[in-house]
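Peer 1: Mind having a look at this structure? Questions to follow.
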Amino acid sequence: MTNRWKSVMIFGAGLNQLELIREARALGLVTVVVDPQPDPPGKAEADHFCRIDGDDYEATKAAAVRYGVSGIVTGQMEKPLRLMARLAQELGFVFNSPEVTRRCLDKWLMKQALLAHRVPCARGFLLKPGDEIILPEGMSYPVIIKPRDAFSSRGVYKCENRAAAEAYIAESRSFSSTGDVIIEEFLQGKEYSVESFTFNGETTIVQFTEKFLTPYPGTVEVGHLQPAALDLATRMEVSAVTRKALAALGVMNSASHTEVMVTKKGPAIIEVGARLGGDFIGSYLTKASTGMSMDRAAVEIAMGVAPYCRPSSGAFSMIRYLELPEGKRVEEVLPADDIMSLPGVVFAAIFVRPGDTIMPLTHSALRPGCVIAEAKTKEHLLVRIDEFARLLAQKIVLK
């Protein structure tokens, strides 16, 4: 892809899309970046920037036609996927179909597809507004409740009994576009994610990620480590169930982030995202541990080119999200440029601003900041990430 006249439309210009824009430009593509915000971080990196509301299909289509776009791509985002699938179908771009996209965004349709193809996953049922919480025969507490179509751990809780489920159900419903909530069996085990891409129906596994969560009842992610400490046999089992899940959902052309619970009975699918992994997993984290850019792979797929998958690094990488005292007010946020210059720091960001209050971590958007580190050994990495997180937290002055 060296033809400078080819262009790609990138949805989103936030921190999670910066590397995507850069990789597209490195491939010699003209970048047409769309975002609803007037001045997002990626605006300065784009060849062409269009401020377009996320649900404005006609304006998005007009921009794609005006700039002669040859493909479309996004990074670590779910909101634009339905619009993108429709646009791809109408203009002939490489993308998952609208039906597949809907199935990957609707957790109930996803579960039905997985069960129909006998992919191991948690059993569950759909609770519509006004329905009473009654577990079906063979299902018992504890359970997981979650909105039918939310993201970033919003409204997801482990409930030890019916009273707990009733206490959290209204909040969970508030994050669902339909008010529908899924109640499913709690899978006992260790949670991981699989970073992969699928091109023309063939899936390539790139990396395994170990997750670190807040204590239950919440399930907010506060850290990710690569590569996950899985033996070869378990990696093969997880890879097999991941490929089976992607095939069951009909994923043909996209990066993917598959959440898997490794239980005593074997791996079971939690959810599948037909997109790059969030929390900077699809950008900085995986590139630091493997040497391979998932962002570049996503752009190549969008342009109809098979990604080149040849990991060139065997390093360890980790992202740590800051956990600060709840209820404290942010008085000042100091510059963190000195932390970015430290050996082993891949990326660091602070998300709170002066005047903000540190809230309980009930979902991912409430995390105050993060740092990503890399090292040649896991032991060195863990020492580094602790120190870097401590230094970053000191940049947030609380009162």
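Peer 1: Report, by residue number, each residue of the range 343-361 that is modelled with pLDDT under 95 and buried (at least 17 other Cβ atoms within 10 Å of the Cβ).
Peer 2: Start the filter on the range 343-361 by keeping residues that are modelled with pLDDT under 95, which leaves 360-361.
Matches in the range 343-361: 361 only.
Peer 1: Let me ask something additional. I'd like the full set of residues that are farther than 14 Å from residue 185 by Cα and in a loop (DSSP other than H, G, I, E, B), limited to the range 148-173.
Peer 2: So the first thing to find is which residues in the range 148-173 are farther than 14 Å from residue 185 by Cα, and the list is 148-155, 163-164, 166-173.
Answer for the range 148-173, where residues must be farther than 14 Å from residue 185 by Cα and in a loop (DSSP other than H, G, I, E, B): 148, 149, 150, 151, 152, 153, 154, 155.
Peer 1: Please verify whether the range 66-73 includes one or more residues that are part of a strand (DSSP E or B), in contact with a Ser or Thr (Cβ under 7 Å, 6 or more places away or on another chain) and either of a type in the set (Lys, Arg) or not assigned by TED's automatic domain parsing to the domain that holds residue 295 (or both). Step through it out loud before you land on a result.
Peer 2: Pass one, the range 66-73, residues part of a strand (DSSP E or B): 69-73.
Right, trim to in contact with a Ser or Thr (Cβ under 7 Å, 6 or more places away or on another chain) and you get 69-70.
If we keep only those that are either of a type in the set (Lys, Arg) or not assigned by TED's automatic domain parsing to the domain that holds residue 295 (or both) too, we end up with 69-70.
Looking through the range 66-73, at least one residue is part of a strand (DSSP E or B), in contact with a Ser or Thr (Cβ under 7 Å, 6 or more places away or on another chain) and either of a type in the set (Lys, Arg) or not assigned by TED's automatic domain parsing to the domain that holds residue 295 (or both).
Peer 1: So, one more: Between residues in the range 55-83 that are over 22 Å from residue 279 (Cα atoms) and residues that are surrounded by 15 or more Cβ atoms within 10 Å (Cβ to Cβ) and at pLDDT below 95, which pairs lie under 7 Å by C-beta distance while being six or more apart or on different chains?
Peer 2: 70/6
Peer 1: Of the conditions (1) exposed (fewer than 14 other Cβ atoms within 10 Å of the Cβ); (2) polar (S, T, N, Q); (3) in contact with a strand residue (DSSP E or B) (Cβ under 7 Å, 6 or more places away or on another chain), residue 161 fails just one. Which one is it?
Peer 2: (3)
Peer 1: From 112, 76, which residue is surrounded by fewer than 17 Cβ atoms within 10 Å (Cβ to Cβ) and either polar (S, T, N, Q) or in contact with a strand residue (DSSP E or B) (Cβ under 6 Å, 6 or more places away or on another chain) (or both)?
Peer 2: Values: 76 fails: surrounded by fewer than 17 Cβ atoms within 10 Å (Cβ to Cβ).
Exactly one residue qualifies, and that residue is 112.
Peer 1: Considering the range 306-322 alone, what residues qualify as being farther than 12 Å from residue 352 by Cα and either touching a strand residue (DSSP E or B) at 6+ places or on another chain (Cβ under 7 Å) or modelled with pLDDT of 95 or more (or both)? Explain how you work it out, then say what you get.
Peer 2: Taking the range 306-322 as the starting set, the residues that turn out to be farther than 12 Å from residue 352 by Cα are 306-321.
Listed by number, the residues that qualify are 306, 307, 309, 315, 316, 317, 318, 319, 320, 321.
Peer 1: Going by the conditions given, is residue 379 in a strand (DSSP E or B), under 23 Å from residue 285 (Cα atoms) and among the charged types (D, E, K, R)?
Peer 2: Spelling it out, it is not the case that residue 379 is in a strand (DSSP E or B), under 23 Å from residue 285 (Cα atoms) and among the charged types (D, E, K, R).
Peer 1: Go through 45, 19 for me and flag whichever is within 23 Å of residue 278 (Cα to Cα), buried (at least 23 other Cβ atoms within 10 Å of the Cβ) and either without any contact (Cβ under 8 Å) to a residue 12 or more places away in the chain or of a type in the set (Asp, Glu) (or both). Working first, answer last.
Peer 2: Working: 45 fails: buried (at least 23 other Cβ atoms within 10 Å of the Cβ).
The match here is 19.
Peer 1: Assess whether residue 213 counts as being in contact with a strand residue (DSSP E or B) (Cβ under 7 Å, 6 or more places away or on another chain) and free of Cβ contacts under 8 Å to residues at least 24 places away in the same chain. Before you say what the answer is, go through the steps one by one.
Peer 2: Values: in contact with a strand residue (DSSP E or B) (Cβ under 7 Å, 6 or more places away or on another chain): yes; free of Cβ contacts under 8 Å to residues at least 24 places away in the same chain: yes.
So residue 213 fits the description; yes.
Peer 1: Follow-up question, since we're still on this one. Can you list the helices (runs of 4 or more DSSP H) lying wholly within the range 226-342 that have 2 or more residues being crowded, with 22+ Cβ neighbours inside 10 Å?
Peer 2: On the way: elements: 232-249, 286-290, 294-302, 337-340.
Qualifying helices (runs of 4 or more DSSP H): 232-249, 286-290, 294-302.
The values are calculated or read from the model by the stated rules, or taken from the named source; none is laboratory data. Quick caveat, the model's predicted, so the values are computed rather than measured. In this analysis, Cβ positions are derived from the backbone assuming ideal geometry, glycine residues included, and neighbour counts consider all displayed protein chains.
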